[in-house]
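Visitor: Before I ask anything, here is the structure I am working with.
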Ligand SMILES: [Fe+2]
Ligand SMILES: [Fe+2]
């Protein structure tokens with residue numbers, strides 16, 4: 001056996017061992033949405049005029065926009081309920097896409113594959129997340145659509161990538177998981193008061209999502225260096241584009257939102273992404289992903305340019321889940 005094959009074998013062993021540990025963690029600690037959340041508890045009741053639905057100034061850009069701040073309280077509450085229900089709805093649509101694509105990927109795996117076991121645990125957890133997000137939407141009582149029309153129409157086709165283009169598929173999954181996780185961790189860390197339904201759902205989600213994000217990072221770190229040079233180059237360019245397009249699907253509310261509440265087009269432009277602070281927030285979502293791209297050889301001069309054109313360039317995180325607290329570099 002050559003030194004090279006010994007090295008490759010050792011990397012394969014490390015990868016398989018990491019997946020085994022993730023699978024064991026999924027067995028030891030997981031949640032059941034209809035056991036761990038007491039939906040009918042009076043504390044979780046959704047009542048009229050509850051100010052805890054008002055969007056936060058610190059974590060939601062709309063929450064600190066002067067237009068929103070000037071609204072009467074009942075309108076602020078209605079917008080807050082709609083927005084939070086819609087984020088849950090689009091989140092569950094992403095999870096449905098993940099489950100569908102993962103099933104396509106699983107059918108290609110050989111017997112004994114540790115990816116099979118971990119990804120099946122992950123799909124089970126995602127099914128539970130869709131249950132809890134949908135329950136939350138139903139209880140809030142706003143008939144929200146989730147993602148924009150093009151996205152919901154494209155879901156069945158995007159899921160095919162799980163089978164034929166797994167590296168790009170898991171890039172897309174990360175593009176959905178990272179902004180939601182970043183947003184939810186920001187809310188939980190800020191200590192702001194949110195409705196207990198939101199808090200319960202977010203705590204479960206953040207806990208389980210850590211494993212999913214960890215898997216997606218490990219999967220890409222394992223697979224990308226084994227791709228051919230041209231394929232890796234194409235992925236390096238597609239990577240930031242996928243991140244940006246899918247991030248917009250998650251964080252920009254669909255057309256119905258702006259129409260229902262008669263929100264001026266100018267407010268939408270400020271938030272997505274005209275104001276410097278909103279652009280900073282957008283870049284902040286992707287610190288961990290930039291770190292990953294650096295580590296697995298997906299940063300090259302052309303890719304850096306695409307990251308910049310997509311508005312998601314910047315410093316990579318120094319470690320996973322590093323809070324986005326570093327000051328902005330001074331303008332040149
Ligand atoms: Fe999830
Ligand atoms: Fe997930």
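Visitor: For segment 126-180, which positions are within 16 Å of ligand 1 (Cβ to nearest atom), more than 19 Å from residue 81 (Cα to Cα) and surrounded by fewer than 17 Cβ atoms within 10 Å (Cβ to Cβ)?
Guide: Result: 127, 155.
Visitor: Kindly indicate whether residue 257 is modelled with pLDDT of 95 or more and within 16 Å of ligand 2 (Cβ to nearest atom). Full working, then the answer.
Guide: Numbers: modelled with pLDDT of 95 or more: yes; within 16 Å of ligand 2 (Cβ to nearest atom): no.
Spelling it out, it is not the case that residue 257 is modelled with pLDDT of 95 or more and within 16 Å of ligand 2 (Cβ to nearest atom).
Visitor: Also, I was wondering about something else. Restricting attention to segment 174-196, report how many residues are touching a residue at least 40 places away in the same chain (Cβ under 8 Å) and in a loop (DSSP other than H, G, I, E, B).
Guide: So the answer is 4.
Visitor: Moving on to the next point. Of the conditions (1) loosely packed, with under 15 Cβ neighbours inside 10 Å; (2) over 25 Å from residue 204 (Cβ atoms); (3) modelled with pLDDT of 95 or more, residue 50 satisfies every one except a single condition; which number is it?
Guide: Condition (2) is where residue 50 drops out.
Visitor: What about residue 263, is it at pLDDT 95 or above and buried (at least 18 other Cβ atoms within 10 Å of the Cβ)?
Guide: yes
Visitor: Out of (1) within 17 Å of residue 247 (Cα to Cα); (2) away from ligand 2 (no atom under 13 Å from the Cβ); (3) buried (at least 23 other Cβ atoms within 10 Å of the Cβ), the odd one out for residue 183 is which?
Guide: Just one mismatch for residue 183, condition (3).
Visitor: Right, something else. Identify the residue in segment 164-173 that is assigned to a helix (DSSP H, G or I) and either at pLDDT 95 or above or more than 16 Å from residue 129 (Cβ to Cβ) (or both) and, among all such residues, is farthest from ligand 2 (Cβ to nearest atom).
Guide: Looking only at segment 164-173, we keep the residues that are assigned to a helix (DSSP H, G or I), and these are 164, 166-173.
Add one more test, that the residue is either at pLDDT 95 or above or more than 16 Å from residue 129 (Cβ to Cβ) (or both), and what stays is 164, 166-172.
Details: 164: 21, 166: 16, 167: 18, 168: 17, 169: 13, 170: 11, 171: 14, 172: 12 Å.
Per the criteria, the residue is 164.
Visitor: Within segment 281-291, does at least one residue satisfy the condition of being surrounded by fewer than 16 Cβ atoms within 10 Å (Cβ to Cβ), over 22 Å from residue 84 (Cα atoms) and away from ligand 1 (no atom under 16 Å from the Cβ)? Don't jump to the end; show me each part of the working.
Guide: Of all residues in segment 281-291, those surrounded by fewer than 16 Cβ atoms within 10 Å (Cβ to Cβ) come to none.
For segment 281-291, residues surrounded by fewer than 16 Cβ atoms within 10 Å (Cβ to Cβ), over 22 Å from residue 84 (Cα atoms) and away from ligand 1 (no atom under 16 Å from the Cβ): absent.
Visitor: Could you look through segment 93-124, keep only residues that are crowded, with 21+ Cβ neighbours inside 10 Å and under 14 Å from residue 205 (Cα atoms), and pick out the one that is nearest to ligand 1 (Cβ to nearest atom)?
Guide: 95
Visitor: Among helices (runs of 4 or more DSSP H) lying entirely in segment 214-332, which contain 1 or more residues that are over 17 Å from residue 171 (Cα atoms)? I'd like the intermediate steps shown before the answer.
Guide: Numbers: elements: 229-251, 255-260, 265-269, 276-284, 287-295, 301-309.
Those helices (runs of 4 or more DSSP H) span 229-251, 255-260, 265-269, 276-284, 301-309.
Visitor: Another one. Where in segment 1-80 are there helices (runs of 4 or more DSSP H), lying wholly inside it, with at least 3 residues that are under 25 Å from the mean Cα position of the chain (by Cα) and farther than 30 Å from residue 276 by Cβ? Let's see the steps before the verdict.
Guide: Working: elements: 3-28, 33-36, 66-69.
It comes to 3-28, 33-36.
Visitor: So is residue 273 surrounded by 19 or more Cβ atoms within 10 Å (Cβ to Cβ), out of contact with any strand residue (DSSP E or B) (no Cβ under 9 Å at 6 or more places or on another chain) and more than 25 Å from residue 230 (Cβ to Cβ) or not? Break it down into steps so the answer makes sense when it comes.
Guide: Working: surrounded by 19 or more Cβ atoms within 10 Å (Cβ to Cβ): yes; out of contact with any strand residue (DSSP E or B) (no Cβ under 9 Å at 6 or more places or on another chain): yes; more than 25 Å from residue 230 (Cβ to Cβ): yes.
The answer is yes for residue 273.
Visitor: Any residue in segment 254-263 that is farther than 21 Å from residue 67 by Cα and without any contact (Cβ under 8 Å) to a residue 24 or more places away in the chain? Give the steps one after another, and end with the answer.
Guide: Step one: list which residues in segment 254-263 are farther than 21 Å from residue 67 by Cα, which gives none.
No; the residues of segment 254-263 include none that is farther than 21 Å from residue 67 by Cα and without any contact (Cβ under 8 Å) to a residue 24 or more places away in the chain.
Visitor: So residue 74 fits all but one of (1) within 27 Å of residue 132 (Cβ to Cβ); (2) in contact (Cβ under 8 Å) with a residue 24 or more places away in the chain; what number is the exception?
Guide: Answer for residue 74: the failing condition is (1).
Visitor: Within segment 265-274, is there a residue that is at positive phi, more than 16 Å from ligand 1 (Cβ to nearest atom) and over 18 Å from the mean Cα position of the chain (by Cα)? If you could, list the steps in order and put the result at the bottom.
Guide: Of all residues in segment 265-274, those at positive phi come to none.
For segment 265-274, residues at positive phi, more than 16 Å from ligand 1 (Cβ to nearest atom) and over 18 Å from the mean Cα position of the chain (by Cα): absent.
Visitor: Among the listed residues 100, 161, which satisfies the condition of being more than 16 Å from ligand 2 (Cβ to nearest atom), within 22 Å of residue 242 (Cβ to Cβ) and at pLDDT 95 or above?
Guide: On the way: 100 fails: more than 16 Å from ligand 2 (Cβ to nearest atom).
Within the list 100, 161, the selection yields 161.
Visitor: If you check 196, 230, 225, which single one turns out to be more than 12 Å from ligand 1 (Cβ to nearest atom) and touching a helix residue (DSSP H, G or I) at 6+ places or on another chain (Cβ under 6 Å)? Talk me through it step by step, then tell me what you get.
Guide: On the way: 230 fails: touching a helix residue (DSSP H, G or I) at 6+ places or on another chain (Cβ under 6 Å); 225 fails: touching a helix residue (DSSP H, G or I) at 6+ places or on another chain (Cβ under 6 Å).
Step by step, each of 196, 230, 225 is checked, and only 196 is more than 12 Å from ligand 1 (Cβ to nearest atom) and touching a helix residue (DSSP H, G or I) at 6+ places or on another chain (Cβ under 6 Å).
The values are calculated or read from the model by the stated rules, or taken from the named source; none is laboratory data. Since the structure is predicted, the reported quantities are computational estimates derived from the model, not experimental observations. Please note: Cβ atoms are built from the backbone with ideal geometry, for glycine as well, and neighbour counts cover all protein chains shown.
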